[in-house]
1. Yes or no: the range A:54-66 includes at least one residue that is under 27 Å from B:Phe20 (Cα atoms), part of a helix (DSSP H, G or I) and open to solvent by less than 10 Å² (accessible area, probe 1.4 Å).
2. Within the group A:Gly66, A:Gly19, A:Gly70, A:Gly74, which residue is within 7 Å of another protein chain (Cβ to nearest Cβ) and under 25 Å from B:Leu119 (Cα atoms)?
3. So which residues in the range B:37-86 are under 16 Å from the mean Cα position of the chain (by Cα) and open to solvent by 50 Å² or more (accessible area, probe 1.4 Å), if there are any at all?
4. From the list B:Met39, B:Met49, pick out the single residue that is facing another protein chain (nearest Cβ under 7 Å), in contact (Cβ under 8 Å) with a residue 24 or more places away in the chain and assigned to a helix (DSSP H, G or I).
5. I need the helices (runs of 4 or more DSSP H) fully contained in the range A:87-137, keeping only those with at least 1 residues that are in contact with a Pro (Cβ under 9 Å, 6 or more places away or on another chain) and over 25 Å from B:Trp13 (Cβ atoms).
6. May I ask you to list the residues in the range A:24-41 that are at pLDDT 90 or above and in a helix (DSSP H, G or I)?
7. From B:Leu103, B:Leu123, B:Leu133, grab the single residue that is within 7 Å of another protein chain (Cβ to nearest Cβ) and either open to solvent by 50 Å² or more (accessible area, probe 1.4 Å) or over 22 Å from B:Leu24 (Cβ atoms) (or both).
8. I want to confirm something. Restricting to the range A:77-111 and keeping residues that are of a type in the set (S, T, N, Q) and at the interface with chain B (Cβ under 7 Å from one of its Cβ atoms), which single residue is nearest to B:Lys30 (Cα to Cα)?
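The values are calculated or read from the model by the stated rules, or taken from the named source; none is laboratory data. Since the model is a prediction, treat every value here as computed from it, not as a measurement. Positions of Cβ are backbone-derived with ideal geometry, glycine not excepted, and every protein chain shown enters the neighbour counts. Side chains included, ligands, DNA and RNA excluded: accessible areas come from the protein's heavy atoms. Shrake-Rupley method; radii C 1.70, N 1.55, O 1.52, S 1.80 Å.
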Amino acid sequence: VIHWVVYASVAIVLWGVNGLFMKLGTNRVSARSMVIWVTAGFVLLLPLMWTTTTLSDLSTRVILVGLIAGAVNGLGNWAVFACLEKGAKASVAIPLTALYPLCTVALATAFLNERPTVLQWIGIALAVAAGAMLSYEPAPVTTTEKQVPCVQ
Amino acid sequence: MQTERWHFPIWLWYALLCIFWWGLWGFLSKIGSDKASPMQMQILFTLGMLPVAIGILVQMRGKLDRDRAGITYGLLCGIATGLGTLGYYAALHVQNASVVTPLTGVFPVLTVVLAFVVLRERLNKVQMGGMLLALASIIILSI
C-alpha cells in the first residue's frame, strides 16, 4: 500500500514545477492570458484521460460535486485578479490567499466530521504557515499582475 | 481626531472570497475523491472550470496574449498542474482533507527552490523560514 504522503508529494512536486513555468510564462503574457492557456493545458489532458476511464459508473451527485469543484477553483483564480486590480499589494494578497487550506480544514471538520490528532493539528498549522511564508515576495517586479499563484 | 471611519478594503473582500472558493475546492475534492478515481475527478474538474475560463476570456474582450513561448509555458503549466492534481485526489481518496490540503499547500517550497536554481532569484528570510516549516510539516504529517 502506497502511503498517502507519496501521492501528496506528486502534487507538491508537479504544482511546484508549475510555479516555475508560471513565473516564466507571466514574463511573456498577462496573468489573465496565462489562466486561459493553463486551462487549455488541462483540456489537452482530457483525451488522454478519456481513453483510460469513463464517467459512466459515477452517480449524478458525484459528477455534480466534481464539476462544481472545478468551477469554484476557477472562481478562486478570478478572485485573485479582482483582488489585485482593486489595489491589493501582491506581497500581502498572495500570502493571504495561500491560507485557503484553513477554509478546507474548517469545512472538513464541520461537515465531514474529520478529527485531526494533536500531532496532525501541529502539522496543519506548520504547513499553512509555510504556504503563506513561501508565497511572500516583496517588491513586485513591474506590475501587480506579475505574481500569480496557481492552485488549479 | 480621526473623523473618517476605517473601511474594509474591497481587495480584502476578494482575497477572502478567493480563500473561500479555493477552500471549498479542497472540501468538494474530498467528497468527490471518496467515490471517483483521480482521473475521473480531473476530467470533471476540467469540465467544471471551462465555463469560468470562458467567462474570464469574455471579460478580457479578446485581449488574449499569443506570445509563442508564453503559450508553451501556459500549456506546460496546465499539464503539470493537471497531473499533479491526480496525486492530490489520490491522497484525498485515502486521507482526510483537513490533513492533505494543508500539506499539498506547501508546494511553493519547490517553486522557490527552482526559482533560486533556474532563475537565480534570491530567497528572502521569510521564504527560508517557510521552507523549514514546510519540511517540518511534511515530516510530522508523514508519521
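1. At the first step, the residues of the range A:54-66 found to be under 27 Å from B:Phe20 (Cα atoms) are A:58-66.
Filter once more, keeping what is part of a helix (DSSP H, G or I): A:60-66.
Checking the rest, the ones that are also open to solvent by less than 10 Å² (accessible area, probe 1.4 Å) come to A:62, A:66.
Checked the range A:54-66: at least one residue is under 27 Å from B:Phe20 (Cα atoms), part of a helix (DSSP H, G or I) and open to solvent by less than 10 Å² (accessible area, probe 1.4 Å).
2. On the way: A:Gly66 fails: under 25 Å from B:Leu119 (Cα atoms); A:Gly70 fails: under 25 Å from B:Leu119 (Cα atoms); A:Gly74 fails: under 25 Å from B:Leu119 (Cα atoms).
The unique qualifying residue is A:Gly19.
3. Within the range B:37-86, B:Leu76, B:Ile79, B:Leu83 meet the criteria.
4. Details: B:Met49 fails: in contact (Cβ under 8 Å) with a residue 24 or more places away in the chain.
Exactly one of B:Met39, B:Met49 is facing another protein chain (nearest Cβ under 7 Å), in contact (Cβ under 8 Å) with a residue 24 or more places away in the chain and assigned to a helix (DSSP H, G or I), namely B:Met39.
5. Values: elements: A:90-97, A:100-111, A:118-134.
Once the helices (runs of 4 or more DSSP H) in the range A:87-137 are filtered for at least 1 residues that are in contact with a Pro (Cβ under 9 Å, 6 or more places away or on another chain) and over 25 Å from B:Trp13 (Cβ atoms), what remains is A:118-134.
6. A:Leu24, A:Gly25, A:Ser33, A:Met34, A:Val35, A:Ile36, A:Trp37, A:Val38, A:Thr39, A:Ala40, A:Gly41
7. Just a single option satisfies the conditions, and that option is B:Leu133.
8. From the range A:77-111, those of a type in the set (S, T, N, Q) are A:77, A:91, A:97, A:104, A:109; that's our starting set.
Of the ones still in play, those that are also at the interface with chain B (Cβ under 7 Å from one of its Cβ atoms) are A:97, A:104, A:109.
Numbers: A:Thr97: 20, A:Thr104: 10, A:Thr109: 12 Å.
Checked the range A:77-111; the qualifying residue nearest to B:Lys30 (Cα to Cα) is A:Thr104.
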